[in-house]
Amino acid sequence: MSFQIKSSGDTYDVIIVGSGAGGGMASKILSEAGLSVAVIEAGGDFDPAKEEDRTQLRPPWESPRRGAGTQIRPFGDFDAAIGGWEIDGEPYTRKGDSEFDWFRSRMVGGRTNHWGRISLRFGPNDFKRASIDGLGDDWPIGYDDVKPYYDKVDKLIGVYGTKEGIYNEPDGFFLPPPKPRLHEIYLKKGTTAASIPMIPSRLSILTRPINKERGACFFCRQCNRACQVYADFSAGTCLVHPAMKQGKVDLYTHSMVRKVTSDDSGKATGVSFVNVKDMKEYKLKSNVVVLGASACETSRIMLNSKSKMHPNGIGNSSGVLGHYLHDSTGASRSGIIPDMMGRERYNEDGTGGMHVYTPWWLDNKKLDFARGYHIEYGGGMGQPSYGAGGNMDSMRKYITDEFGQPSPNGGYGVGLKKDIRQIYGSTVGMSGRGESVPRFDNYCEIDPTVVDKFGIPVLRFNYKWTDQEINQAKHMQDTFEEILTGAGAQLLGTKPGADTMYGLLAPGRIIHEVGTARMGNDPKTSVLNSNSQAHDCKNLFVVDAGSFVSQADKNPTWTILALSWRTSDFIVSELKKKNI
Amino acid sequence: MNRRENLKLLFTGTVGTGLFLTGCSPEEKALPENALLSGGTIGGRTEEEKQRDQALLSNTFFTDEERKKLSTLVDIIMPKDDDSPAATEIGVVDFIEFMMKDQPENQTRMRGGLMWLDFEADEKFGKTFNDLSQSEVIQIVDEVAWPDTAKPEYEGGVRWFNALRNLTCSGYFSTEAGWKYMGYVGNKPNAWDGVPQEVMDKHGLQLEEKYLQHYLKMEDRGRIAEWDTDGNLT
């Protein structure tokens, strides 16, 4: 790989830790400004255009497990993201009966190799939630501060969608959206019956090209495998590698950062990291350190960066570092649409995600929970691979013969085979992804008793959902049933009740963890200022979702990209002014 | 569809833009289906993954007797018919063998279920399972194959058979023959263009009028997008 040892005498202008959305964007903007940049990545390099890295367009029989998930690829054997919920030799712990599952990707591009490409702007309300409902805190910045950067991100990265004029779902510079699929049109009947909006989704997939470097989507529906023509966004293909091609960017792969080093004045001087391959420690120096390792990994590095000037970890004089950790809420439900059984066969792929979605549509003042959620939809004639034809022990009864007689559950033989063919492509599902209320009491900290295989102290999670999130999940379940019923679907399974917190998934499961190094105007209650610069260390910046004050009912990536660009501009300007 | 056809489609699709594939070998051939288990997963593997796949493939989980029982069962679950082969013809037993090693937490249940077949065969017929006639086999299978009507004492057997049914279907439909039977025609570059009109008509559905002008037009896929200052595509 591209690991190279730098002589310790060299000093970079900037060291960036992490090559995902935040680190990737920073590497592009800072190198374009002429700065020398080192990008430090814990995993290996990855380029889906290289044949040896390609999993796209591979049939399941090129996997002995037919595409089933594994520990390091829990979302399937062909999923691009390498890492998973549990990584050998890199543990994390939970305190008491806390729940938190932490998904990590160890590779160039990080978790942008996995995500659903849902690219939603935060709206004006999303930056000022405390002013609206009195819970949590407002961001020190507002939509108008970020809008110019959202605009630039739209044009640089590309996102399809439609201008809708919804106040808190700001429009952008959209590529044309793909037409909805059959099940999505059926589901639209359900949302219309329930008076719930459903609009074309906003995904960072190029339905038309935006430059000569990236191809347009050719509709294989496999964005999660990473695209060999770079038609979808991932930080490696769209930011880090282009930055390396054009600017002074050195990529250090297989390099696990241990701490940010600092001098006697408390100023950051670089990073110390362990080379995963030779298990030796290395140090690099820089004038500026930018952390984009993911909200939790970044706070781990900062907490572990103790020094005389930073006894609680660098940037942590407030004691807030690691706190206000929050993830999106998630719950789901599925159904089966009898009118779609035994339907005509045709290529139903489209892009690698949903073509329609439901933005939050209600006023929380009239509800028993404070924050909203959006709804994502699934279904269609997906590629039969591991799991195909499954669950006939409970689902076969939904198939009726020409006399309206239901098939018996389970069974075997030619009849079972025919029923599986009949039911294929008729199931639909939906998931709510909601905003949780950030709490000081939900946090990650250093576990004083556990280190990883590199000898670096690990994170311990403390996290509990409250009635806010539980009531929201209950509302989701009621809504899902209403939509499914309105779409003519039969509900599958039983409705999750209070005993399961209405199907609310464990914190961390939605992989939107944010807030651990939040920004604010008061150094006593926040880690970063409004430019994502550490209050306590002027040449230390955070460009991942650690800076988020609140997470909105949106996916965080587009905001990470916009804020990273904004912070990078600030770094360039401060360097020019010799303020750092 | 093999790799070569994939690439051909990619290059000859209607999009004449920015498509580039560095480092691809158009001469690479798709693996024949029966060669599946000679190697691990193809594409983007880490060293750890390669080693793990090789280790799993070099171990054997099922005994010959167990394989024989499984072969009988998977062909009962997915038999040959006019349109499609039997499960054993397309490597379903090999697939299950691999999955036992890949997901070892399922080993005990599977082994226990296969053992139970002999207990049941002995009690009912005084023979081992592998010595039963087809009709005797079916009598045992029927005890556990119908979850809603099975006797309570067979609950454990029902769960085991549910898992076996799921595995068999996974191994069956994730093959070229399985795709053909299912009628799956996706994952072809540049082939998708929304729901065919005749399908829309048959289901009595229409696209929303207000979005018609906004949806992607296939002929635009070669043109680099540009916007006016209000975000309208020009």
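Answer yes or no as to whether B:Ala121 is small (Gly, Ala, Ser) and within 14 Å of chain A (Cβ to nearest Cβ). Here the answer is no, as B:Ala121 does not meet what is asked. The conditions of being basic (Lys, Arg), more than 14 Å from every other protein chain (Cβ to nearest Cβ) and under 30 Å from A:Tyr443 (Cβ atoms) are met by A:Arg300.
For region A:170-190, enumerate the residues that are among the acidic types (Asp, Glu) and either closer than 11 Å to B:Gln206 by Cα or in a loop (DSSP other than H, G, I, E, B) (or both).
Matches in region A:170-190: A:Asp171 only.
The residue that is surrounded by the most Cβ atoms within 10 Å (Cβ to Cβ), counting only those in region A:188-205 that are of a type in the set (A, V, I, L, M, F, W, C), over 23 Å from B:Val185 (Cα atoms) and in contact with a strand residue (DSSP E or B) (Cβ under 7 Å, 6 or more places away or on another chain), is A:Leu203. B:Trp179 meets the conditions (1) in contact (Cβ under 8 Å) with a residue 60 or more places away in the chain; (2) closer than 25 Å to A:Arg343 by Cβ; (3) assigned to a helix (DSSP H, G or I) in every case but one. The failed one is (1). Quick one: is A:Ala49 within 22 Å of A:Glu281 (Cα to Cα) and not in a strand (DSSP E or B)? No: the conditions fail for A:Ala49.
To keep it simple, each residue is scored yes or no on (1) out of contact with any Phe, Trp or Tyr (no Cβ under 8 Å at 6 or more places or on another chain); (2) outside any strand (DSSP E or B).
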site: A:Thr261; (1), (2): yes, no
site: A:Ser265; (1), (2): yes, yes
site: A:Thr269; (1), (2): yes, no
site: A:Glu281; (1), (2): no, no
site: A:Val289; (1), (2): no, no
site: A:Thr298; (1), (2): yes, yes
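Check whether at least one residue in region A:544-558 is crowded, with 24+ Cβ neighbours inside 10 Å, in contact with a Gly (Cβ under 6 Å, 6 or more places away or on another chain) and closer than 30 Å to A:Met395 by Cα, and report yes or no. Looking for residues that are crowded, with 24+ Cβ neighbours inside 10 Å, in contact with a Gly (Cβ under 6 Å, 6 or more places away or on another chain) and closer than 30 Å to A:Met395 by Cα, one finds none in region A:544-558, hence no. Scanning region B:182-201 for residues that are more than 7 Å from chain A (Cβ to nearest Cβ) and either more than 23 Å from A:Arg343 (Cβ to Cβ) or free of Cβ contacts under 8 Å to residues at least 12 places away in the same chain (or both) yields a total of 4.
Within region A:366-390, being over 19 Å from A:Ile336 (Cα atoms) and in contact (Cβ under 8 Å) with a residue 24 or more places away in the chain holds for A:Leu367, A:Asp368, A:Phe369, A:Ala370, A:Arg371, A:Gly372, A:Tyr373, A:His374, A:Ser385, A:Tyr386. Among the residues of region B:85-95, those identified as within 11 Å of chain A (Cβ to nearest Cβ) and among the aliphatic types (A, V, I, L, M) are B:Ala86, B:Ala87, B:Ile90, B:Val92.
Taken over region A:107-135, the residue count meeting the criterion of being buried (at least 21 other Cβ atoms within 10 Å of the Cβ), farther than 26 Å from A:Val356 by Cβ and over 14 Å from the mean Cα position of the chain (by Cα) is 4. Touching a residue at least 12 places away in the same chain (Cβ under 8 Å) and either buried (at least 22 other Cβ atoms within 10 Å of the Cβ) or farther than 21 Å from A:Thr567 by Cβ (or both): is that true of A:Trp85 in this structure? Spelling it out, A:Trp85 is indeed touching a residue at least 12 places away in the same chain (Cβ under 8 Å) and either buried (at least 22 other Cβ atoms within 10 Å of the Cβ) or farther than 21 Å from A:Thr567 by Cβ (or both).
The set of residues in region A:286-300 that are within 20 Å of the chain's Cα centre (by Cα) and among the hydrophobic types (A, V, I, L, M, F, W, C) comprises A:Val290, A:Leu291, A:Ala293, A:Ala295, A:Cys296. For region A:152-160, indicate whether the set of residues that are at pLDDT 95 or above, surrounded by fewer than 18 Cβ atoms within 10 Å (Cβ to Cβ) and either in contact with a Leu (Cβ under 7 Å, 6 or more places away or on another chain) or not in a helix (DSSP H, G or I) (or both) is non-empty. No - not one qualifying residue is present in region A:152-160. A search for C-beta distances below 8 Å between a residue of region B:205-234 that is more than 7 Å from chain A (Cβ to nearest Cβ) and in a loop (DSSP other than H, G, I, E, B) and any residue that is exposed (fewer than 13 other Cβ atoms within 10 Å of the Cβ) and at pLDDT 95 or above, counting only pairs 6+ apart in sequence or on different chains, returns B:Thr234/B:Glu226; B:Thr234/B:Asp228.
Matching residues to (1) surrounded by fewer than 18 Cβ atoms within 10 Å (Cβ to Cβ); (2) more than 14 Å from chain B (Cβ to nearest Cβ); (3) within 18 Å of the chain's Cα centre (by Cα); (4) more than 30 Å from A:Val249 (Cβ to Cβ):
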| residue | (1), (2), (3), (4) |
| --- | --- |
| A:Ser317 | no, yes, no, yes |
| A:Val320 | no, yes, no, yes |
| A:Pro338 | yes, no, no, yes |
| A:Arg343 | no, no, no, yes |
| A:Lys365 | yes, yes, no, yes |
| A:Tyr377 | no, yes, yes, yes |
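Considering B:Val199, B:Val137, the condition of being under 30 Å from A:Glu348 (Cβ atoms), at pLDDT 95 or above, assigned to a helix (DSSP H, G or I) and among the β-branched types (Val, Ile, Thr) is satisfied by B:Val199 alone.
So that you can scan it fast, the table gives a plain yes or no per residue for (1) surrounded by fewer than 24 Cβ atoms within 10 Å (Cβ to Cβ); (2) modelled with pLDDT of 95 or more:
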site: A:Val14; (1), (2): no, yes
site: A:Ser27; (1), (2): no, yes
site: A:Gly34; (1), (2): yes, yes
site: A:Val37; (1), (2): no, yes
site: A:Ala42; (1), (2): no, yes
site: A:Asp47; (1), (2): yes, yes
site: A:Asp53; (1), (2): yes, no
site: A:Ser63; (1), (2): no, yes
site: A:Gly69; (1), (2): yes, yes
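In region B:107-129, of all residues being buried (at least 17 other Cβ atoms within 10 Å of the Cβ) and touching a residue at least 40 places away in the same chain (Cβ under 8 Å), the one that is farthest from A:Arg73 (Cα to Cα) corresponds to B:Phe129.
Consider region A:194-237 and keep the residues that are in contact with a helix residue (DSSP H, G or I) (Cβ under 6 Å, 6 or more places away or on another chain), hydrophobic (A, V, I, L, M, F, W, C) and assigned to a loop (DSSP other than H, G, I, E, B). The one that is farthest from the other protein chains (Cβ to nearest Cβ) is A:Ala194.
As for region A:142-157, it holds at least one residue that is in contact with a Gly (Cβ under 8 Å, 6 or more places away or on another chain), under 30 Å from A:Glu213 (Cβ atoms) and touching a residue at least 60 places away in the same chain (Cβ under 8 Å).
When A:Asp349, A:Asp327 are checked against the criterion of being under 24 Å from the mean Cα position of the chain (by Cα), more than 30 Å from A:Val514 (Cβ to Cβ) and crowded, with 22+ Cβ neighbours inside 10 Å, A:Asp349 stands alone in meeting it.
For A:Lys453, the test of being over 29 Å from A:Asp97 (Cβ atoms), in contact with a strand residue (DSSP E or B) (Cβ under 8 Å, 6 or more places away or on another chain), charged (D, E, K, R) and within 14 Å of chain B (Cβ to nearest Cβ) is failed.
Conditions (1) closer than 16 Å to B:Lys69 by Cα; (2) modelled with pLDDT of 95 or more; (3) part of a helix (DSSP H, G or I), marked per residue:
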| site | (1), (2), (3) |
| --- | --- |
| B:Asp118 | yes, yes, yes |
| B:Lys127 | yes, yes, no |
| B:Asn130 | yes, yes, yes |
| B:Thr149 | no, yes, no |
| B:Leu164 | yes, yes, yes |
| B:Tyr172 | no, yes, yes |
| B:Gly186 | no, yes, no |
| B:Pro189 | no, no, no |
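The values are calculated or read from the model by the stated rules, or taken from the named source; none is laboratory data. Since we're looking at a predicted model, the values are computed, not measured. Every residue, glycine as well, gets a Cβ built from its backbone with ideal geometry; the counts of neighbours run over all protein chains shown.
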